[in-house]
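This report concerns only the one structure given below.
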Amino acid sequence: MSLWILLTLVLGILAGTFFSQDFTAFLDSSSSYMLWGLIFFVGIDIGANQSALRRVTHMGWKILLFPAAVILGSLLGGGILSLLLPGQGLKEGLAISSGLGWYSLSGILITEAGSPVAGSIAFLSNVIREVITFISVPLIAKYLGHYCAIAPAGATAMDTTLALISRNTDSETAILAFVSGICCTLAVPILVPLFL
């Protein structure tokens with residue numbers, strides 16, 4: 001599965017070099033509708049599995065442990081890397097890692113706070129996080145377990161990578177991923193300014 005995802009991405013990049021700006025503008029405007037449709041179909045799949053819904057609702061507040069672990073793991077990774085890389089401060093590294101995969105917001109917040117280089121790094125690191133998620137989720141789900149497949153997605157677990165997680169895990173994990181994605185998405189506009 002990962003090979004097909006990587007191949008599709010590479011083919012998309014190659015195909016993109018032959019299309020005009022008008023066509024790519026059309027793709028930008030229509031991609032939201034395609035994403036909503038994809039989420040709708042994942043929702044149908046989740047809703048059809050009543051036993052998974054019951055198991056998740058019985059978890060109660062413990063369901064928040066998943067996004068908390070994703071957020072803490074991202075911050076820990078960003079903090080460690082910022083200490084290892086020259087010219088990168090701890091606060092900047094924590095702000096960059098606080099993007100949690102939401103590249104369209106974190107880069108802008110950091111740039112507007114007066115650090116365009118860190119904003120560019122945040123944008124790129126979150127785009128790369130999403131690409132790595134598309135490639136790694138099938139392998140993680142197969143070899144490390146379904147719950148582990150939620151972590152790489154971060155905030156994208158509620159939208160762009162939800163279908164991938166759902167396809168490679170089960171309905172219960174898809175629900176947990178959706179909740180984790182919502183919590184991570186809500187955390188980004190709070191955490192990024194906190195570390196700037």
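Enter the mean projected area of the convex hull around the alpha-carbon atoms of the stretch 35-195, in nm², rounded to one decimal.
Numbers: hull surface 37.0 nm².
So the Cα hull casts an average projection of 9.2 nm².
Hey, fewest Cβ within 10 Å first, where do S51, S166, S120 land in order? List each step's numbers first, then the result.
Working: S51 9, S166 22, S120 14.
Least to most surrounded, the residues fall as S51, S120, S166.
Given contacts defined as C-alpha pairs under 8 Å and at least six residues apart, what's the relative contact order of the stretch 35-195, whole-number percent?
Details: 241 pairs, mean separation 45.2, N = 161.
Dividing the mean separation by the residue count of the stretch 35-195 yields 28 percent.
Which FRET efficiency, nearest 0.05, do L7 and W61 yield, Cβ-Cβ r, R0 30 Å? Kindly include the intermediate steps, with their values, before the conclusion.
Values: r = 41 Å, r/R0 = 1.38.
Calculated transfer efficiency: 0.15.
Using a 10 Å cut-off on Cβ atoms, rank the peptides 74-84, 97-107 from the highest mean neighbour count down. Write out the running numbers ahead of the final one.
On the way: 74-84: 15.7, 97-107: 24.4.
My ranking of the peptides, most packed first, is 97-107, 74-84.
State, to one decimal in nm, how far the label point of L72 lies from the label point of F41, with both points 7 Å from Cα in the Cβ direction.
Roughly 3.7 nm, to one decimal.
Nearest 500 deg cm²/dmol is fine: what mean residue ellipticity at 222 nm does the chain get from its DSSP H runs of n ≥ 4 alone, each adding -39,500 (n - 2.57), divided by its residue count?
Details: 9 runs with 151 residues, N = 196.
Computed mean residue ellipticity for the chain: -26000 deg cm²/dmol.
Please report T57, T17, T156 as a ranked list, fewest other C-beta atoms within 10 angstrom at the top and most at the bottom. Before the final figure, lay out the partial values.
Details: T57 10, T17 6, T156 25.
Fewest to most other Cβ atoms nearby, the residues stand as T17, T57, T156.
Taken together, the values in this text are just the output of simple stated rules run on the coordinates, not laboratory data. Just so we're clear, the structure is a prediction, and the values are computed from it rather than from any experiment. Reconstructed Cβ throughout: ideal geometry from the backbone, glycine too, with neighbour counts over all protein chains shown.
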